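A short write-up of the structure that comes next.
FYI, it's all coordinate maths here, none of it is from the lab. Computed from a predicted structure; not experimentally measured. Heads up, the Cβs are rebuilt from the backbone with ideal geometry, glycines too, and the neighbour counts pull from every protein chain shown.
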Amino acid sequence: MKNIIAFAGSNSKTSINKHLATYASSLVDNAVTKILDLNDFELPLYGIDYENAHGIPDNAKAFLNQIEASDGIIISLAEHNGAYTAAFKNLFDWMSRVEQKTFMSKPMLLMATSPGGRGGQSVLEMASDRFPRHDANIVGKFSLPFFGDNFSEGKISNTELNDQLLEEVKQFADSL
Ligand SMILES: Cc1cc2nc3c(=O)[nH]c(=O)nc-3n(C[C@H](O)[C@H](O)[C@H](O)COP(=O)(O)O)c2cc1C
């Protein structure tokens with residue numbers, strides 16, 4: 001049995017990206033999934049002065065420990081103004097101060113969704129470019145546009161888009 005972690009790059013308690021990450025993780029056979037929530041890893045806003053005065057907060061190390069203990073990572077990024085949410089970027093910045101190889105070569109299914117037609121493609125592109133510099137091993141990528149139209153009752157309702165996700169999940173599962 002493989003252990004995977006799934007989480008959204010969002011601190012919204014009703015995060016649509018958390019719904020998507022949870023659904024994608026349910027499609028992976030023979031794996032135990034731990035769903036993580038950024039709200040359980042609260043962190044001060046990164047700043048060099050804070051770091052010099054207080055060091056690295058335990059929650060940044062705790063999240064990295066979850067990555068380290070996993071066999072694979074499913075992440076769905078929320079998009080704010082074409083980029084990472086402040087909550088995710090803050091976590092990423094803190095973790096990168098502990099470990100530059102933040103994603104530790106674990107197979108990663110990288111996704112994004114939004115209520116709009118681009119489905120978070122800007123943040124997906126940003127992460128696709130940046131994460132490999134932190135040892136991300138991106139083996140699948142998926143963007144879900146128009147979340148409100150294409151997702152209901154915990155799953156993707158549009159068959160074509162669901163088939164696309166199944167392909168990406170297969171790549172991910174085969175890499176574990
Ligand atoms: C400050 C702010 C900026 C946003 N910018 C974008 C954007 O650039 N592109 C987009 O598709 N959606 C944007 N949205 C809408 C989000 O995609 C939407 O709130 C979505 O629910 C966020 O994902 P989450 O529910 O997983 O947090 C923005 C929302 C906020 C609050």
What helix-only [θ] at 222 nm does the chain give? Using -39500 (n - 2.57) per DSSP H run of at least 4, over all residues, to the nearest 500, the answer is -12500 deg cm²/dmol
quick note, the stretch 1-107, DSSP beta bridge pairs, % antiparallel (nearest 5) is 10 percent
Output for the stretch 1-71 (equivalent-ellipsoid semi-axes, sqrt of 5λ from the C-alpha gyration tensor, Å, descending) is 28, 16, 7
Packing-ranked peptide list from 105-111, 31-37, highest mean Cβ count within 10 angstrom first, is 105-111, 31-37
Hydrodynamic radius by Kirkwood for the chain, inverse mean 1/r across distinct Cα pairs, in Å, is 16.2 Å
The stretch 133-176, convex hull of Cα, quarter of hull surface, nm² -> 4.0 nm²
Restricted to the stretch 35-160, the DSSP antiparallel beta bridge percent, nearest 5, is 20 percent
Any chymotrypsin sites (Phe, Trp or Tyr not before Pro) in the stretch 103-176 that lie in a DSSP loop and have at most 16 other Cβ atoms within 10 Å would be F146
Here P(r) for the stretch 86-139, Cα-Cα distances in 10 Å bins, as whole percents, is 24, 52, 23, 2
Given unit charges at Cβ for Lys, Arg (+) and Asp, Glu (-), the dipole magnitude of the stretch 2-175 about its Cα centre in debye, nearest 20, is 80 debye
Taking alpha-carbon centroids only, the stretch 122-164 lies from the stretch 67-89 a number of Å equal to 11 Å
With Cα springs under 10 Å, the Gaussian network model of the chain assigns the largest mean-square fluctuation among T159, T102, T113 to T159
Taking the dipole of the stretch 1-155 about the Cα centre (Lys, Arg +1; Asp, Glu -1; charges at Cβ), the one of L38, I16, V28 that reaches farthest to the positive side is V28
Between G140 and residues 5 or more places away or on another chain, the pairs with built amide H atoms under 5 Å apart involve M108, L110
